[in-house]
Amino acid sequence: MMCGCGRDDFQEELVIRPLHSGDIYASFQFRTLWETDFTRGDKESHYRLFPKSLGQVISKFSVRELHISFTQGHWRTMQWGQPFLPSPPGAELWVWFQDSVTDVDGMWKELSNVLSGIFCASLNFIDSTNTVQPSASFKPLGISNVTDHRFLRYATLPREIVCTENLTPWKKLLPCGSKAGLAVLLKSEKLFHSSFHSQAVHIRPVCQDWQCKTTSWELRQALNVVFDLHTSGQGKREWTLFKMFSRTVTEACPLASSSKIYVDITDNPQGEQFELSPASHLLSQAVVLGDRRTFSVYDLTQQVTFGTVRSLNLLIRWKSSDMLRPLLHAERYVAGYGLQTGEIHTVMYNNHPYRSFPVLLLDSVPWYLRLYIHTLTVTSKGKDNKPSYIHYQPSKDRVRPHLLEMLVQLPPNSVTEVKVQFERALLKWTEYTPDPNHGFYVGSSVISSLVPSIVAMDTNSTLDRPLFSSFFPCKEESSYFVRIYTEPLLVNLPTPDFSMPYNVICLTCTVVAVGYGSLYNLLTRSFQIEEPSPGLAKRIANIIRKMRGVPPL
């Protein structure tokens, strides 16, 4: 390595999970590790694998951890199970700052504007009205020696639209870009023609060894996509890499130390449910979401993987399928009628047959929905379920949103419902969106929990494991961490008839133009008497007289 810089490493992997609904889930993960220290006074001048734009952001804004995601669509937990990396619809940003930062709010605002330019997104709309400071829901995912929540900020933009303009700068952060390796499959035409698409960037400090004597900065870029069987237009219950991405894999990224494709075959040990071709003799087991899963592994750094055609095009053909229910599931909706009051319902399902576990619920509600917190009720199996912890921060009009956090114990095999009433506020006419009758979006609820695990979890995060099984730190062998997001809400507010001001403006402008225009024309016009023009015979006679040198008539 030149310039005395720390060691760096790049890994890439693709996980393909055949879903029981006939759809297919593909998860890309790219990890860049750099043994350096962005918090020191002198700045890094040489970047090899780590993107310079993000390195300068970490150094300038004293960032401890940064997590950002852009998602189109909603993850259907009951049909698809739990994702490897969850994310809410729209844009999500949460950042831990260093404890040396004095003005966290000012740094947060400036950082969101810079990230808006880097990812070509609308993050510049993040302000105090949609930013909260959670007290318990979001812990550091890296080296957690700073847990003062004064240095944490969290915001969502549920209406953010994800498009190619967000994907292009995301791909440019990769060491090989989209020219080689697994990134060649990231074709925007196919990715955005899917049921679910999410791209994320996670930056955090991690330990290099068990004693954590050496640390590194980890940049993890994740892209999750679910291809629907019916919207794909093929109709057949079979998938190939070419049908999913319109491309095949021909080589690994030359800068990657590891480049692998994993296909989940846990529910298909003897090929009863689907057929996988070409078959791989390399198998791997990993504990994912509390369950031990088996994967067929295709190592792209080995030439034998591509065969004689120098190309890898996996084929998955279904035979039968069974549905499995996830242990934790949640949904949210708005009840009531009219445009004055309403009620927010959050329903959480514990599908474990005999184990209860606590969940931490976070709700961030805009200020124009005025919550009646005294109407908050939590019921499980028809009985009151008193939360063991509640943190509520009331909103201020046009300043900050509501923040509600609570710790609720979910009984086994139960449905827990959280209800709270609200009143709709009347906005100023300049505060409405260009399409106010479409409604106003309320961000997803965030539910975090330690769910009981079927197998013993590995608490050593420094072991060499697949990327998809090593993101959330695990400190207990008997449980694993799960974070899920509910649907965003679409709420109608009292909306004035904007056509009436338009009509008044048009009528007023017409009257002013006609009345004032006529009066101004009369006052400024000058009148002159013009003599009648001579006839044709007289004009001809004057021309002849002029040629003869005689004065005109």
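Of note:
- Pairs from Lys171/Lys213; Lys139/Lys260; Lys213/Lys475; Lys171/Lys475 whose Cα-Cα separation, in the structure shown, is over 21 Å: Lys171/Lys213; Lys139/Lys260; Lys171/Lys475
- Cβ-based charge dipole, the chain, positive-most Cα from Asn542, His20, Ile143: Asn542
- Computed from the Cβ-Cβ distance with R0 of 25 Å, the FRET efficiency linking Tyr392 to Ser356 stands at 0.55.
- Between the stretch 247-309 and the stretch 366-404, the Cα center-to-center distance that results, in Å: 46 Å
- Rounded to the nearest 20, the Cβ-based charge dipole of the chain about its Cα centre (Lys and Arg +1, Asp and Glu -1) stands at 1780 debye.
- Taking all protein chains together, Leu553, Leu185, Leu371, Leu519 sort by accessible area into Leu553, Leu519, Leu371, Leu185, largest first [probe 1.4 Å].
- Dipole of the chain, positive end: most advanced residue of Gly181, Leu523, His345 [Cβ charges, Cα centre]: Leu523
- Mean-position separation - Cα centroids, the stretch 49-74 and the stretch 408-442, in angstrom: 30 Å
- Förster radius 35 Å - calculated FRET efficiency between His345 and Gln98, Cβ distance, rounded to 0.05: 0.35
- Here the average projected area of the convex hull drawn through the C-alpha atoms of the stretch 328-452 stands at 8.4 nm².
- Rounded percent of accessible protein surface that carbon and sulfur make up, the stretch 328-452, 1.4 Å probe: 53 percent
- Relative contact order (%) - the stretch 328-452, alpha-carbon pairs under 8 angstrom, separation at least six: 37 percent
- Protection proxy ranking of 358-365, 72-79 - average other beta-carbon atoms within 10 Å, highest first: 358-365, 72-79
- Placing unit charges on the Cβ atoms only, positive for Lys and Arg and negative for Asp and Glu, gives the stretch 467-553 a dipole magnitude near 1380 debye about its Cα centre.
- Amide H partners (placed H, <5 Å) of Ala256, local residues excluded: none
- FRET efficiency for Ile540 and Tyr502, using Cβ-Cβ distance with R0 set to 56 Å, rounded to 0.05: 0.35
- Correct choice for semi-axes √(5λ) of the Cα gyration tensor in Å that was computed from the model, options (1) 57, 34, 27; (2) 45, 24, 19; (3) 55, 37, 21: (1)
- The distance from the alpha carbon centre of the stretch 134-202 to that of the stretch 79-127 is 10 Å, rounded to a whole number.
- Two-site label geometry, Asp435 and Val511: point separation in nm, points 7 Å out along Cα→Cβ: 3.5 nm
The values are calculated or read from the model by the stated rules, or taken from the named source; none is laboratory data. Values in this document were obtained by computation on a predicted structure and should not be read as measured data. When we count neighbours, we look across all protein chains shown, and the Cβ atoms used for this are built from the backbone with ideal geometry, even at glycine. Side chains included, ligands, DNA and RNA excluded: accessible areas come from the protein's heavy atoms. Shrake-Rupley method; radii C 1.70, N 1.55, O 1.52, S 1.80 Å.
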